[in-house]
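Student: If you scroll down you'll find the structure; I have some questions about it.
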Amino acid sequence: MKTLPQHIGPIGVFDSGYGGLTILEKIRHELPEYDYLYLGDNARTPYGNRSFEVVYAYTLQCVTKLFEQGCHLVILACNTASAKALRTIQQHDLPKLDSNRRVLGVIRPTAEIVGSLTQSRNVGILATEGTIQSQSYVLEIGKFSPDINVTGEACPMWVPLIENNEHLTEGADYFVKKHISRIIERNPKIDTLILGCTHYPLLLPKIKNYTPKNVRIVPQGDIVARSLRNYLANHPEMEKKCSKNGTVKFLTTESPEKFKSSASIFLQEEIEAQHIAID
Ligand code: DGL
C-alpha cells in the first residue's frame, strides 16, 4: 500500500455501482460545502449475492483506494458492504491502515430512526440477498427498538435491472411486484418499508405503484445525510480534515464513458469520470 496523504481531502463515498449516487445526491444537498470523491466498483458489481469474504476483500480494496486519494472519512453508501465488511474494516483494518481515518455505513443510521417511523411496530426491509442473510437490520434495529418485528425480503434481480438501465422498463414491473406482494403477504401488519439497498430509490416509481397506500416507503438518502451532518458536528477533529470547495469527482473501476452515460441518467446532470485500477 502507498503512503497515505495527510493533507485535507474530500469525503469518500463508495458503492458497488451506481446505487450510492442516490446517497451522494442527498449528502451533497445537505452538506454542499464539502468536496466528495465517489468510487463505484462497476467492474465487479453486483455485490449482493457474493460471499462475506469477497465483499469484504473488494470493499477493503476500494476504501484503501479512497484513502490513497486523500479521503480521511469514507461512507460505505452500500448496505451490502455495510453489512458484510464495515465492522471488520473498522476493527481489524483501520488500526493498521491509519487509526485516525474513519469508515461509516448506512445501516446503523437507518436502524436508529426506524422506531420513530412505525406505528404498528412491524417493519419490512427490502435488500440484497447478502444484506438479508447477514441479519444486520434485525440486529441493529433490535438494539434501538427491541419491540419491532422485522421482516426481510431479498430482491436479487433489482440491482441487475438498475445497473443495466432496465429499471424503468415494463420487464422490471414483474420483479418489483413479486417482492412487494410477497413481503406484505408474509406480514400484513407492516406499515413501514425500508429500501435497504442504495440502488432501490431508482425503482421508486414502480415500488410506489405496488405498495399498499397505508405503507410508508423509506429511502435512506436523507437519513444518511442527516446522520453525516451530526457526525461532523460531533467530530470536529474529522471535520477539519474534510476539504470544502463544493466539488464532486467520480471514479469507476469500469470504463469512464460507460459510468458517465449511466450516472448522468441517475443524477440527471452531466458528469466526468475517471478510471481507477484495483490491483
Ligand atoms: N447498492 C448496494 C446496497 O446498498 C449493493 C448492491 C449490489 O451490489 O448488489 O446493498
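Student: Considering segment 1-15 alone, what residues qualify as being under 16 Å from Leu94 (Cα atoms) and either open to solvent by 100 Å² or more (accessible area, probe 1.4 Å) or not hydrophobic (A, V, I, L, M, F, W, C) (or both)?
Tutor: Passing the criteria: Met1, Lys2, Thr3, Pro5, Gln6, Gly12.
Student: Still on this structure, I have one more. Any residue in segment 29-46 that's within 17 Å of Leu66 (Cβ to Cβ): show its pairings with residues that are assigned to a strand (DSSP E or B) and within 12 Å of the ligand (Cβ to nearest atom) at Cβ separation under 6 Å, as long as the two are six or more apart or on different chains.
Tutor: Tyr36/Val13; Tyr38/Val13; Leu39/Phe14; Gly40/Asp15
Student: State which residue is nearest to the ligand (Cβ to nearest atom) when the search covers only segment 122-138 and only residues that are open to solvent by 10 Å² or more (accessible area, probe 1.4 Å) and among the aliphatic types (A, V, I, L, M).
Tutor: Applying the filter and picking the extreme gives Ile132.
Student: Still on this structure, please answer the following. Which one is nearest to Phe266 (Cα to Cα), of the residues in segment 144-159 that are of a type in the set (S, T, N, Q) and outside any loop (DSSP other than H, G, I, E, B)?
Tutor: Filtering segment 144-159 for residues that are of a type in the set (S, T, N, Q) and outside any loop (DSSP other than H, G, I, E, B), the one nearest to Phe266 (Cα to Cα) comes out as Thr151.
Student: Here's a follow-up. Please pick out the residue among Val103, Val114 that is more than 17 Å from Gly221 (Cβ to Cβ), of a type in the set (A, V, I, L, M), open to solvent by less than 10 Å² (accessible area, probe 1.4 Å) and touching a helix residue (DSSP H, G or I) at 6+ places or on another chain (Cβ under 9 Å).
Tutor: When all the criteria are applied, what remains is Val103.
Student: A further question follows. When you go through Gly20, Gly70 one by one, which is the residue that is small (Gly, Ala, Ser), in contact with a strand residue (DSSP E or B) (Cβ under 9 Å, 6 or more places away or on another chain) and within 16 Å of the ligand (Cβ to nearest atom)?
Tutor: Only one candidate qualifies: Gly20.
Student: Looking at (1) surrounded by 22 or more Cβ atoms within 10 Å (Cβ to Cβ); (2) within 16 Å of the ligand (Cβ to nearest atom); (3) not in a loop (DSSP other than H, G, I, E, B), which is the one condition that is false for Ile141?
Tutor: For Ile141, the failing item is (2).
Student: So, one more: Take Gln90 and tell me if it is away from the ligand (no atom under 16 Å from the Cβ) and touching an Asp or Glu at 6+ places or on another chain (Cβ under 7 Å).
Tutor: In short, no.
The values are calculated or read from the model by the stated rules, or taken from the named source; none is laboratory data. Small disclaimer: the values here were computed from a predicted structure and weren't measured. FYI the Cβ positions are ideal-geometry reconstructions off the backbone, even for glycines, and counts take in every protein chain you see. What goes into the accessible areas is simple: the full protein's heavy atoms, side chains included, and nothing from ligands, DNA or RNA. Shrake-Rupley method; radii C 1.70, N 1.55, O 1.52, S 1.80 Å.
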